[in-house]
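The values are calculated or read from the model by the stated rules, or taken from the named source; none is laboratory data. The structure displayed is predicted, hence computed values, not measured ones. Here the Cβ positions follow ideal geometry from the backbone for every residue, glycine too, while neighbour counts run over all protein chains shown.
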Amino acid sequence: MSEYSATVRWERGDQVFVDDQYSRAHAWHFDGGLAVPASASPEIVPPPYSVAANVDPEEALVASLSSCHMLFFLAMAAKRGIVVDCYSDAASGYLAKDENDRLAMTRVILRPRASYSGKKMPTMPQLQKLHHRSHELCFIANSVRTDVRIEIIS
């Protein structure tokens, strides 16, 4: 078993707070020393009480799913002798009411696009199999109820 941690830090400063007009800007601190500016989504909390330039939890969930999928895909491609030169994913997440009438990230669509070189150029059926297996192995995807779909962009 492995343990992962992050420290989330927010400070009120001189804001009144109880009037609900306080900044939702905060920071995520990770063990390597990186601090990521975070905020509530401006879709949820309008500016100036949110910071659109900062990462919000919804975006972070989408990025986490995409990153986990990519890392498994790259590892499996390398083991099969497929040289991946570039990989990108224009992933999207959708916040909607779930079956219990609660807001949830109900769907995330990953749109992986990669370029390849070398002797082993993958076919679409091979890519579909690699992406399917990557999704099965991704422990972030295995941890959420969200419907995660893969739309391969060739």
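Annotations
- Filtered residues of segment 128-154 (kept if free of Cβ contacts under 8 Å to residues at least 40 places away in the same chain and either in contact with a strand residue (DSSP E or B) (Cβ under 8 Å, 6 or more places away or on another chain) or small (Gly, Ala, Ser) (or both)): His132, Ser143
- Across segment 109-128, a minimum of one residue is classified as out of contact with any helix residue (DSSP H, G or I) (no Cβ under 6 Å at 6 or more places or on another chain), in a helix (DSSP H, G or I) and either assigned by TED's automatic domain parsing to the domain that holds Ala25 or surrounded by 14 or more Cβ atoms within 10 Å (Cβ to Cβ) (or both).
- Filtered by the rule that a residue be surrounded by 11 or more Cβ atoms within 10 Å (Cβ to Cβ), in a loop (DSSP other than H, G, I, E, B), under 19 Å from the mean Cα position of the chain (by Cα) and among the hydrophobic types (A, V, I, L, M, F, W, C), segment 22-51 gives Ala40, Ile44, Val51.
- The listed residue being in the same structural domain as Lys129 (by TED's automatic domain parsing) and within 15 Å of the chain's Cα centre (by Cα), out of Ala77, Ala90: Ala90
- Residues located in segment 133-154, provided they are closer than 15 Å to Tyr94 by Cβ, out of contact with any Leu (no Cβ under 8 Å at 6 or more places or on another chain) and part of a strand (DSSP E or B): Asp147
- Tallying residues that are under 22 Å from Ile153 (Cβ atoms), touching a residue at least 40 places away in the same chain (Cβ under 8 Å), out of contact with any Gly (no Cβ under 6 Å at 6 or more places or on another chain) and not small (Gly, Ala, Ser) within segment 81-125 yields 8.
- Any chance Arg102 is under 29 Å from Glu58 (Cβ atoms), surrounded by 14 or more Cβ atoms within 10 Å (Cβ to Cβ) and not assigned by TED's automatic domain parsing to the domain that holds Ser41: no
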